[in-house]
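A quick write-up on the structure given underneath.
We did not get these values from a lab; they are worked out from the coordinates using the rules stated. Only a predicted model underlies this, so the values are computations on that prediction, with no experimental measurement involved. Here the Cβ is made from the backbone with ideal geometry for all residues, glycine too, and neighbour counts use every protein chain on show.
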Amino acid sequence: MNLKIRTLHTSDLDAANEIIVAAFQSSRDYRDDLRLYLAHAPDGWYLAEWEDRPAGLVGVTNYGPLAYVGFMAVHPNFHRKGIGEAMMIRALAEMETRGCSVALLDASAMGEPMYRKLGFVDDGKSTQYLLGESVRNPADFPSIDLGGAIIRLMQPTDLPKLVHFDTPIFGASRERLFSLLIQAIPDRSFLAEDSAGQIVGYIFSQTLRIGPFVALNPQVAEALLQGALSVPVAGRVSFIAPVINSYAQDLAMRYGFEHFRTMPHMRYGGNAHPGQRELIYSLMSFTVG
């Protein structure tokens, strides 16, 4: 057989980036993203080779109770060879072997028929918004009554209670991911606490994306977004909101984000979404949820 599927390694990042750029018709460089995702889930990324040439890529970030599938990409030179389906079958089989029976993803129009064929079902929608490069002046932001809550930068010591807060909302522990983010962007990681010191929300303001972003109420969410938008950005900023969270849609639009696309959110396995998407204001990315 001409097709070989193997684990992705850091030495493959140039080839993986080339596949994504060609498949998505993008001018972005995805290597920094891939480096972070691979550090987070080193055994969940797969490279497909056709006659020993890099042809396809997919990542499955296994959180235990659930996994997130992303960066499903096949180079246009290798379309119509069954590579995407073969990668998904391999990835899902290994996921289930490791004890995880639920996979989530946000489907492109091209990938959706294949996912349905493999057993994925509709589980809501996700909308991506984009904010231009124009600098926002925090002095122009409206004041918000937080009822005694405060917004502050995260500390590494916040990790245990952050995980405790987020796990029932996301549906699984993201301890490893949060640890990597707090280390990588300590001055862009914000926490909201009530007057009793309990977490009521958080946001990570990455250079090109807002998220992960979770809040228990719209007032806290808005204050967190103000914090995230007060730090420098280096291009168009992405904000990916579950459609079920109407407050997130409204918040994005009020702060200047423009609708880019809405994609089906799909689930493989299980009877319902394991988390509380109505409290999620933005995913980290389509790749890792």
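Structural descriptor for the chain: relative contact order 22 percent, calculated from alpha carbon pairs under 8 angstrom and at least 6 residues apart. Let me know the whole percent of all Cα-Cα pairs from region 1-156 that are separated by more than 26 Å. Tail fraction, whole percent: 38.
Within the same chain, aspartates and glutamates fewer than 8 places from Lys81 are excluded, and of the rest, those with a Cα less than 13 Å from its Cα are Glu49, Glu51.
In plain terms, the residue of Phe260, Phe286 with the fewest other Cβ atoms within 10 Å comes first and the most crowded comes last, giving Phe260, Phe286.
In a fully extended conformation the segment linking Gln276 and Arg35 would gain 83.9 nm over its present Cα-Cα distance, using 0.36 nm per residue. Modelled spin-label separation between Glu18 and Ser246, with each label point placed 7 Å from Cα along the Cα-to-Cβ direction: 4.9 nm. The simple Förster model, with R0 at 41 Å and r as the Cβ-Cβ distance, assigns Gln198 and His259 a FRET efficiency of 0.75. Taking trypsin sites (Lys or Arg not before Pro) in DSSP loop states with no more than 16 other Cβ atoms inside 10 Å as exposed sites, the chain has its longest site-free stretch at 137-235. Within straight-line reach of Lys125, meaning a Cα separation under 22 Å, sit the following lysines at least 8 residues removed in sequence or on another chain: Lys117. Secondary-structure-derived ellipticity at 222 nm for the chain, considering helices only, amounts to -9000 deg cm²/dmol, per-run term -39500 (n - 2.57) for DSSP H runs with n ≥ 4. Give me the base-10 log of I(q)/I(0) for the chain at each q in 0.12 Å⁻¹, Debye formula, one uniform scatterer per Cα, rounded to two decimals. The Debye formula, applied to the Cα set alone, gives -0.76.
Between Val121 and Ala184, the C-beta separation translates, for a Förster distance of 41 Å, into a calculated FRET efficiency of about 0.75. Between Ser26 and Ile89, the simple spin-label model (points 7 angstrom out along Cα→Cβ) gives 2.8 nm. Placing +1 on each Lys and Arg Cβ and -1 on each Asp and Glu Cβ, with no other charges, gives the chain a dipole about its Cα centre of roughly 460 debye.
With just the Cα atoms defining each centre, how far is region 157-183 from region 203-218? Give it in Å. Here the two parts' Cα centres lie 13 Å apart. Computed from Cα atoms alone, the Kirkwood hydrodynamic radius reported for region 146-257 is 14.2 Å.
In the chain, a dipole from Cβ-located charges (positive for Lys and Arg, negative for Asp and Glu) runs towards its positive end, and of Phe165, Ala22, Ala241 it is Ala22 whose Cα lies farthest in that direction.
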